[in-house]
Each structure stands twice: as C-alpha cells, then as structure tokens.
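**Q** This is the structure I have questions about; it appears just below.
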Amino acid sequence: MKDRIESDRCYHIFNQAHGMIDLFKESRNYPFFIDKMEKHLTPVCEILAFCLMKNHFHLVIKTREIEESEISEAFANLFIGYTKSYNNVYDRSGSLFKKPFKRKLIESETYLKNVILYIHCNPVKDGFVEDIISYPWSSYHEILDDFSTFVERNFILELFDDSTNFVAAHKAFQLHTSFTPTFEQ
C-alpha cells in the first residue's frame, strides 16, 4: 500500500470511523455523504464504484491528471465536511475517520473487476442483505439504471462487456462471498 495518491491511476479507497462507531447512523446520512463525495471528489477523480456500509465505506476511483496535492485536499475536504456535519447533528467533537485512509493501487483490469465485485457484494458478505439488489447504498444500481449519475457507468459496463455480463459477474461473485477474492498485487 502506498501512502501517496498519484495522478492518472486507479485506487481502491476505504476507511472507517474511530472505534468502529457508525459513520451512517440514519438513512439520511448516506445520500448526504454521496452528495459530498460528488462535490469534492469528481473534480479530481472519476468515481468508478462505491459502497457505503454502516461503519465503513469503499470507493474505486481513477484520479485525473492533476497535482497530487489537489487530490489529497479533495479527500480532506470530503472527510472534514462530513465530520463537521456529523458532529453538529450528533453532538460530538473530534475526528470521525481513521487517518490515514486506506488506499490500494489497482494496476490491472482483473484486479479492478475483482475490487468492484468485492465492494458491491460487501453488504451480502457482511449479512446486511441477502442479495445486492436489495442494498441501496452502492453504485450497483447507478451503473445499471438510466438515470443521470456521476459514476462512470459507461466505463464500467465496457469493462464487464455489457450490463448482462455485469449482472452475471455479480451474481456469480455473490454466491461465493464467504471467500476472499484473489486480488492481483
């Protein structure tokens, strides 16, 4: 795992709250975080996939060709902005997210596909739902729907060849969520 986030690279980004408290206490917290994610991150990266869980989140991004400091600043703004609102609403103080947030460089198409499958199927693996279709806080539906989205839908569907293969890959992966996928390093 590298500490830096370089421009024009793909990453699996993930983080959780200090003490494993819930990052998302109420259903209204999820769309609020998604809005902040779009506001702060889309200027510096393409969002390929995401999944928000009660106490952690996963993102798959491709950074734009810009200064690395701008990318780091965008993530800081996302975390600080969400933390300030969270602390205000839930009458708490201090940092919310663990530092530094985790990031893994994605250097192959196979690894990229596996990470997307892994994060979309995470709610099934963790027992929140029995099928990913039932989980609303991931990019799975945004990739399949025709509604406007900041998620790079066309790129993802081309990566999986089409929507039929995208769904089939998720169904196959979902059946084996008790196994950790083999990510290329």
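The values are calculated or read from the model by the stated rules, or taken from the named source; none is laboratory data. Keep in mind the model is a prediction, meaning the values are calculated, not measured. So basically every Cβ, Gly included, is an ideal-geometry build from the backbone, and we count neighbours across all protein chains shown. Side chains are part of the model used for accessible areas, which takes the heavy atoms of the whole protein and leaves out ligands, DNA and RNA. Shrake-Rupley method; radii C 1.70, N 1.55, O 1.52, S 1.80 Å.
**Q** What is the extension gain from Lys25 to Ser95, computed as 0.36 nm multiplied by their sequence separation minus the C-alpha to C-alpha distance, in nm to one decimal?
**A** Numbers: separation 70, 0.36 × 70 = 25.20 nm, distance 1.61 nm.
Full extension from Lys25 to Ser95 adds 23.6 nm.
**Q** Next question, about the same structure. Give me the accessible area per residue for the chain, probe 1.4 Å, as a whole number in Å².
**A** Working: 9610 Å² over 185 residues.
Heavy-atom SASA per residue in the chain reads 52 Å².
**Q** Next up: Less than 13 Å Cβ to Cβ from Tyr86, Lys/Arg counted +1 and Asp/Glu -1: what total charge do the surrounding residues give? Mind showing how you got there, number by number?
**A** On the way: positive: Lys25, Arg28, Lys36, Lys84, Arg92; negative: Asp22, Glu26, Asp91.
Charge balance near Tyr86 sits at +2.
**Q** Then there is this: Sort out for me the Cα centre separation of region 111-152 from region 1-74, rounded to whole Å.
**A** Here the two parts' Cα centres lie 15 Å apart.
**Q** Which of rounded, prolate, oblate describes region 1-54, given a ≥ b ≥ c as roots of the alpha-carbon gyration tensor eigenvalues and a/c under 1.5 marking rounded, otherwise prolate only if a/b is larger than b/c? If you can, show how the numbers build up before the last one.
**A** Numbers: a/c = 2.66, a/b = 1.45, b/c = 1.84.
Taking the square roots of the gyration eigenvalues as a ≥ b ≥ c, region 1-54 is oblate.
**Q** Projecting each Cα onto the charge dipole of the chain (Lys/Arg +1, Asp/Glu -1 at the beta carbon, about the Cα centre), which of Trp137, Met20, Val44 comes out farthest on the positive side?
**A** Ranked along the dipole, the leading option is Met20.
**Q** Given H placed 1.01 Å from N in the peptide plane, which residues other than close sequence neighbours of Gln16 have an amide H under 5 Å from its amide H?
**A** Excluding prolines and chain starts, which carry no amide H, the hits are Lys98.
**Q** Step by step: find N for region 1-129, compute 2.2 N^0.38 Å, then divide the Cα radius of gyration by it. What's the final number?
**A** 1.03
**Q** For the chain, what does the helix formula give at 222 nm: sum of -39500 (n - 2.57) over DSSP H segments with n ≥ 4, over the residue count, nearest 500 deg cm²/dmol? Don't skip to the end; give the middle numbers.
**A** Working: 6 runs with 76 residues, N = 185.
Value at 222 nm, helices only, nearest 500: -13000 deg cm²/dmol.
**Q** Distances longer than 13 Å among the Cα atoms of region 32-101: what percent of all pairs is that?
**A** Details: 1630 of 2415 pairs.
For region 32-101, the fraction of Cα-Cα distances above 13 Å is 67 percent.
**Q** Right, here's the next one. Counting pairs of alpha carbon atoms under 8 Å apart in space and at least six apart in sequence, what relative contact order in percent does region 1-72 give?
**A** On the way: 101 pairs, mean separation 34.2, N = 72.
Once divided by the residue count of region 1-72, the mean separation gives 48 percent.
**Q** Just to compare against my own numbers: the Cα pair-distance distribution for region 60-185, 10 Å bins, whole % per bin, please.
**A** P(r) for region 60-185, in whole percents per bin: 11, 32, 37, 19, 2.
**Q** Something else about it: Please tell me the relative contact order of region 98-179 in percent, rounded to the nearest whole number, where contacts are Cα pairs under 8 Å and at least six residues apart. Write down the numbers at each step before the final one.
**A** Numbers: 51 pairs, mean separation 26.1, N = 82.
Taking the mean separation of contacting Cα pairs over the length of region 98-179, I get 32 percent.
**Q** In the chain, what percent of the accessible surface is made up of carbon and sulfur (1.4 Å probe, ligands and nucleic acids excluded)? Walk me through the numbers before you get to the answer.
**A** Working: 4600 of 9610 Å².
For the chain, the apolar C and S fraction of the accessible surface comes to 48 percent.
**Q** To continue, here is another question. Let me know the charge dipole size of region 29-121 about its Cα centre in debye, to the nearest 20, where only the beta-carbon of Lys, Arg (+1) and Asp, Glu (-1) is charged. Can you show the working numbers first?
**A** Working: 13 positive and 11 negative charges, 102 e Å.
It works out to roughly 480 debye.
**Q** Can you tell me the dipole magnitude for region 85-185 around its Cα centre, using point charges on the Cβ only (Lys, Arg +1; Asp, Glu -1), in Debye to the nearest 20? Walk me through the numbers before you get to the answer.
**A** Numbers: 10 positive and 14 negative charges, 143 e Å.
Using only the charged Cβ atoms, the result is roughly 680 debye.
**Q** Still on this model: With unit charges on the beta carbon (Lys/Arg positive, Asp/Glu negative), name the residue among Leu96, Phe75, Ile106 whose Cα is farthest towards the positive pole of the charge dipole of region 70-114.
**A** Leu96
**Q** So what is the relative contact order for the chain, in percent, with contacts set as C-alpha pairs under 8 Å and at least six apart?
**A** Working: 266 pairs, mean separation 50.9, N = 185.
28 percent.
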